[in-house]
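As structure tokens, the structure follows; a few thoughts come after it.
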Amino acid sequence: MQRRNLLLSAVLAASTLAAPGAFAEPVIRLVVPYAPGGPLDVTSRVLAERVRDQLGTVVVDNKAGAGGNIGADIVAKAAPDGLTIGLAATATHAVNPWLYSKMPFDAGKDFAAITQMVRVPNVLVMNAQRAQSLGINNVADLIAYAKKNPGKLNYGSGGNGSAGHLAGEMMKRQAGIFAVHVPYRGANPAQLALLSGEVDFNIDNLAAASANIHSGKLKALAVTSLHESPMLPGVQPLANTLKGFEIDTWWGLVAPAGTPAEVINRLNKAFTDALKDPATKTKFAGLMAEPVPTTPAQFDKFMAAERNKYESLVKMSGAKVD
């Protein structure tokens, strides 16, 4: 009898240890195609925690490189079972298809939209001392000066084909002005060049520029969202001067094409619920990011419109990556 009890106890112990593995929820992998620490990574980690109750464990996996193409390609080629999802960003799903001569994936066909996550306004900023010395207080002043002094103004960006470069070219085209583009190896060097006076103005991400705006080192002339941003009250949209001008930084969630609709809908509900949570809004506000929960169809339509917009901008800029 004692031997039988010992055997029974051993079986029960073994089954207890095996049970968590046997009945555990599958882990969802969220591929972020950029390095850790930036706004895309931080917002992804916030949401991964907030959807735990509905989806179980979501692990953020950073796969940076090739302007985001490496990470996006991992998602495009993953099994369409909802266990691998990823970020779609302005670069990966709107700019890169026209910037890169060869793309490892088709941004329009290889993904199933889940929801847009975030919108971050860009902002037209000048070196504050330079703006004061030239008597430039607003967008109209900048355009008037550029027209009277063609080629004397220059602007920096994070490189050829970057969001700042394309926004600058779009502004030049609509305003009918000429300013020299100075590309740098990344957004941070471009901002340092603006602060030091190497360049006169940039169109930068508000999250990156806000500290220097508030310190008075940079002068904010306009935001590039269609309407005034609650993140920078009192600063007029560039669209007030240049009709229809709108270039925001955005990112959202996608799954591999072919992921079943019921899986997409389950993911959409979990992530949009998290995006609507007041705690999420507060957390994102610190990053100058506005949560934008959408339906899968809305996000898919939005990405298609953004690709269409950037096609002409990239071609006009002449930027190309081989």
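The values are calculated or read from the model by the stated rules, or taken from the named source; none is laboratory data. Everything quoted here is computed from the prediction, not taken from an experiment. Don't worry about glycine lacking a Cβ; one is built from the backbone with ideal geometry, like all the others, and counts go over all protein chains shown. Just so you know, the surface numbers come from the protein's heavy atoms only, side chains and all, with ligands and any DNA or RNA stripped out. Shrake-Rupley method; radii C 1.70, N 1.55, O 1.52, S 1.80 Å.
Overview of values
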{"read-out": "Where only alpha carbons of the chain are counted, the Rg and the Dmax (Å)", "value": "23.5, 102"}
{"read-out": "Under 5 Å, built H, 5+ apart or other chain: amide partners of Ala222", "value": "Leu124"}
{"read-out": "Cα-based shape type of the range 188-247, given that a ≥ b ≥ c are square roots of the gyration tensor eigenvalues and the cut on a/c is 1.5", "value": "prolate"}
{"read-out": "Estimated distance in nm for a label pair at Asn265 and Lys243, the labels positioned 7 Å out from Cα along Cα-to-Cβ", "value": "4.3"}
{"read-out": "Sequence ranges 126-139, 27-40, 52-65, ranked by mean other-Cβ count within 10 angstrom, highest first", "value": "27-40, 126-139, 52-65"}
{"read-out": "5 angstrom amide H check on Asn62, placed H, neighbours 5+ away", "value": "Val32"}
{"read-out": "Relative packing of peptides 258-267, 216-225 - highest average C-beta neighbours within 10 Å first", "value": "216-225, 258-267"}
{"read-out": "Relative packing of peptides 174-180, 45-51, 276-282, 194-200 - highest average C-beta neighbours within 10 Å first", "value": "45-51, 194-200, 174-180, 276-282"}
{"read-out": "Cα-centred dipole magnitude for the chain, charges only on beta-carbon of K, R (+1) and D, E (-1), debye, nearest 20", "value": "220"}
{"read-out": "Kirkwood Rh in Å, taken over all unlike Cα pairs in the range 242-322", "value": "15.2"}
{"read-out": "Cα-Cα P(r), the range 71-229, percent of pairs per 10 Å interval", "value": "10, 35, 29, 16, 8, 1"}
{"read-out": "Amide H partners (placed H, <5 Å) of Ile114, local residues excluded", "value": "Leu253, Val254, Ala255"}
{"read-out": "Whole-percent pair-distance distribution, where bins are 5 Å wide, for the alpha carbons of the range 37-151", "value": "2, 9, 15, 16, 13, 9, 8, 9, 8, 6, 3, 1, 0"}
{"read-out": "Full-stretch length increase - Glu49, Ala79 - with 0.36 nm per residue and alpha-carbon distance subtracted", "value": "8.5 nm"}
{"read-out": "Kirkwood Rh and Cα Rg combined as Rg over Rh, evaluated for the range 231-286", "value": "1.14"}
{"read-out": "Where the chain is the region considered: accessible area per residue in Å², 1.4 Å probe", "value": "47"}
